[in-house]
1. Take the chain, connect every pair of alpha-carbon atoms lying under 10 Å apart with a spring to form a Gaussian network, then pick out the residue of Ala304, Ala15, Ala254 with the largest mean-square fluctuation.
2. Under a GNM of the chain (C-alpha, springs under 10 Å), which listed residue has the highest mean-square fluctuation: Gly85, Gly95, Gly197?
3. How much area per residue is accessible in the chain when the probe is 1.4 Å and only protein heavy atoms are counted (Å²)?
4. Divide, for the stretch 154-245, the radius of gyration over alpha carbons by 2.2 N^0.38 Å, where N is the residue count.
5. Considering every pair of different Cα atoms, what Kirkwood radius, in Å, is found for the stretch 1-158?
6. As I understand it, the dipole of the stretch 147-208 uses +1 on the Cβ of Lys and Arg and -1 on the Cβ of Asp and Glu, about the Cα centre. Which of Gly153, Ala202, Ala187 lies farthest toward its positive end?
7. What Rg and what Dmax come out for the stretch 134-192 when only alpha-carbon atoms are used, in angstroms?
8. Let me have the relative contact order for the chain, percent, based on Cα pairs under 8 Å that are six or more residues apart.
Amino acid sequence: MDGRRLGAQGPEVSALGLGAMGMSDLYGPADRTESIATIHAAIDAGITLLDTGDFYGMGHNELLIREALRVGDRERVAISVKFGGMRDPAENWVGYDARPEAVRNFLAYTLRRLGTDYVDVYRPARLDPTVPVEETVGAIADMVKAGYVRNIGLSEVGAESLRRAQAVHPISDLQIEYSLLSRGIEAEVLPTARELGIGITAYGVLSRGLLSGHWTAERSIGQTDFRSHSPRFQGDNLTRNLALVEALRGVAEAQGATPAQVAIAWVLAQGDDIVPLVGARRRDRLAESLAAADLTLDAEDLAAIEAAVPHGAAAGSRYSEAQMAHLDSER
Ligand SMILES: NC(=O)c1ccc[n+]([C@@H]2O[C@H](COP(=O)([O-])OP(=O)(O)OC[C@H]3O[C@@H](n4cnc5c(N)ncnc54)[C@H](OP(=O)(O)O)[C@@H]3O)[C@@H](O)[C@H]2O)c1
């Protein structure tokens, strides 16, 4: 697989990364053996970026990655970790903590759970509203100096916070939602990241599975599944969004591809400073996603995709109102 650099000064990684969240959390039950087999298949196919968060299954996801990594794998893959999200034992979200002392505390647990001496990219999942971004980034920069962290990333922050953070320490990449259905970053965040030499790791490239072509209105989801609260998966919004997916399916079939592959290839085509994270947790889904890296979209293909899923066509916001309030990127 081709490589891409995370920002002007970040590490070189594979053009697609693997996000492990769904193997532990938020998308209903996952099969542990199949999850580990999927991580192995991804690394064997050349994926060199694994993304996790310490709060995905409250440590479960990091322990899973540790178990999956075989001898020699740690040297091959960059591990990106988000921290700061706090949850209670019933998995309710109870806020964000990105104070300097919390940075050091979260990192100590992460290193122990991952069984590693360093994290390749460390980032707050959201800004802590009570802590200036300079203080959080400054605390991670201390951990870079101490050798526990190699690069500093951010997640879901806006242009102003990117500038303030970059003034403290070089930022490798901003992790943020970007897909045919979520194009908010195009106005200000993406141009600012480019000006500052900060890369993008794009998540939700399938809009949480909605754009995959595998989602149906009949699919039953449990209360703890993110999608049971996501505005895009409800009622009329879902009907309208699935109509967009059918239009995309028409374009994909004409290219001998699936809607998921076209949706991932579209994000890849937006610039070689963007690394899409695929959320596959089964080997068949991974294989489908990986084929997107070989799909070349020319100007005519991109125009057909734009006609099928025009800018701003998504019905419903990308998070619930309460969760949107935590997004610095949406201010
Ligand atoms: N920074 C942040 O705030 C943030 C937020 C969310 C996620 N992330 C990171 O980004 C990663 C990816 O996000 P995401 O999981 O929401 O991405 P996504 O690719 O939009 O959605 C993944 C979902 O799509 C479904 N799917 C169907 N066909 C697929 C295919 N061919 N390949 C992959 N998935 C397919 C999977 O469901 P089935 O398994 O049921 O088929 C999976 O649940 C996460 O793992 C996490 O590391 C970051």
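The values are calculated or read from the model by the stated rules, or taken from the named source; none is laboratory data. Just so you know, these numbers come straight off a predicted model, no measurement behind them. Glycine also receives a Cβ, built like all others from the backbone with ideal geometry; neighbour counts cover every protein chain displayed. Note: areas computed on protein heavy atoms with side chains; ligands, DNA, RNA excluded. Shrake-Rupley method; radii C 1.70, N 1.55, O 1.52, S 1.80 Å.
1. Ala254
2. Gly95
3. Working: 13630 Å² over 331 residues.
In whole numbers, the chain has 41 Å² accessible per residue.
4. Numbers: Rg = 16.1 Å, N = 92, 2.2 N^0.38 = 12.3 Å.
It is 1.31.
5. Working: mean 1/r = 0.0626 Å⁻¹.
For the stretch 1-158, inverting the mean 1/r across all distinct Cα pairs yields 16.0 Å.
6. The one lying farthest along the dipole's positive direction is Gly153.
7. Both quantities, over Cα of the stretch 134-192: 12.7, 40 Å.
8. Working: 628 pairs, mean separation 69.8, N = 331.
After rounding, I find 21 percent.
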